[in-house]
Amino acid sequence: MQEAGLESLFQDVIKGFAIHNNKVAVAVSGGIDSITLLHLIINWTKKRQCPLPIALRVNHALRPESQEEAEFAVSYARELGVEESFILNWEKQNIKGNVQSQARKARYKLLTKWCKSNNVKHLLIAHHKDDQAETFLLRLERGSGIDGLSSMDCKSFLNGVCIIRLLLSFSRSEIEKYANFHCLKWVEDRSNQDLKYRRTLYRNLLKVSDNQETLTERICLTALHMKTAAKSVDALHTSRI
């Protein structure tokens, strides 16, 4: 794929979602994925004279550099063209068990609560194809059934807010090429290199594959088959009630 061509494909994807005249929020961590998503959606809204997106950054305050990274995310979002960007702080209690899982739940709670309070019906998340594959492997390790092994939906609802994942058709390498092509800036989360986290372990496992792109595609295809199977089981169960 040509780097400039990703924007054209992105515009084809976004046609399937009714967000043209609505304000949307984008979850912006400051990493390459969310910065790329923000850049794409800003360009899309400007060309169609739609409301500019709102950038939301959750600060979990789990690392010394968290505040600095949060400030970078909202300031760079304004530099890219958004008019509104906000930092949402996690007022965490005593953390026990899986820190990443608790942080994820808190992140979605903060993001959707802000959206509901500000009448923003759509929240864009920068999950991509590699995230899909990593999530499948994580859940496979846990012994998940067909529901857990099902692929992430491009569109879902949480706490009354529509969650949209516009990058699920794109790989991490395609996103990196686009970001470099447009000279975008981003920050690297050091925890993404820490092998004590299972997601990082599986990310590295995919990287050392002889053909990472093919392996990722096949894992995502299996996740999609699981989604189809789960829907079939649900339909069968419903028909018997």
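The table that follows gives values for the structure above.
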{"item": "Test: Asp131 is charged (D, E, K, R), buried (at least 19 other Cβ atoms within 10 Å of the Cβ) and either farther than 26 Å from Asn21 by Cα or touching a residue at least 12 places away in the same chain (Cβ under 8 Å) (or both)", "result": "yes"}
{"item": "Cβ pairs under 9 Å, 6+ apart, first in the stretch 168-184 and within 12 Å of Asp33 (Cβ to Cβ) and touching a residue at least 60 places away in the same chain (Cβ under 8 Å), second aromatic (Phe, Trp, Tyr) and assigned to a loop (DSSP other than H, G, I, E, B)", "result": "Tyr178/Phe170; Ala179/Trp186"}
{"item": "Test for Lys105: is it under 20 Å from the mean Cα position of the chain (by Cα) and among the basic types (Lys, Arg)", "result": "yes"}
{"item": "Looking only at the stretch 50-90, and only at residues there that are aliphatic (A, V, I, L, M) and in a loop (DSSP other than H, G, I, E, B), the one that is nearest to Ile35 (Cα to Cα)", "result": "Val82"}
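Each row is one residue, and each column tells you yes or no for (1) surrounded by 14 or more Cβ atoms within 10 Å (Cβ to Cβ); (2) more than 30 Å from Val208 (Cα to Cα); (3) at pLDDT below 95; (4) of a type in the set (A, V, I, L, M).
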position: Glu71; (1), (2), (3), (4): yes, yes, no, no
position: Arg78; (1), (2), (3), (4): no, yes, no, no
position: Val82; (1), (2), (3), (4): yes, yes, no, yes
position: Leu88; (1), (2), (3), (4): yes, yes, no, yes
position: Lys92; (1), (2), (3), (4): no, yes, yes, no
position: Gly97; (1), (2), (3), (4): no, no, yes, no
position: Arg104; (1), (2), (3), (4): no, no, yes, no
position: Thr112; (1), (2), (3), (4): yes, yes, no, no
position: Cys115; (1), (2), (3), (4): yes, yes, no, no
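The values are calculated or read from the model by the stated rules, or taken from the named source; none is laboratory data. Note that the structure is predicted; figures quoted are calculated from it, not measured. In this analysis, Cβ positions are derived from the backbone assuming ideal geometry, glycine residues included, and neighbour counts consider all displayed protein chains.
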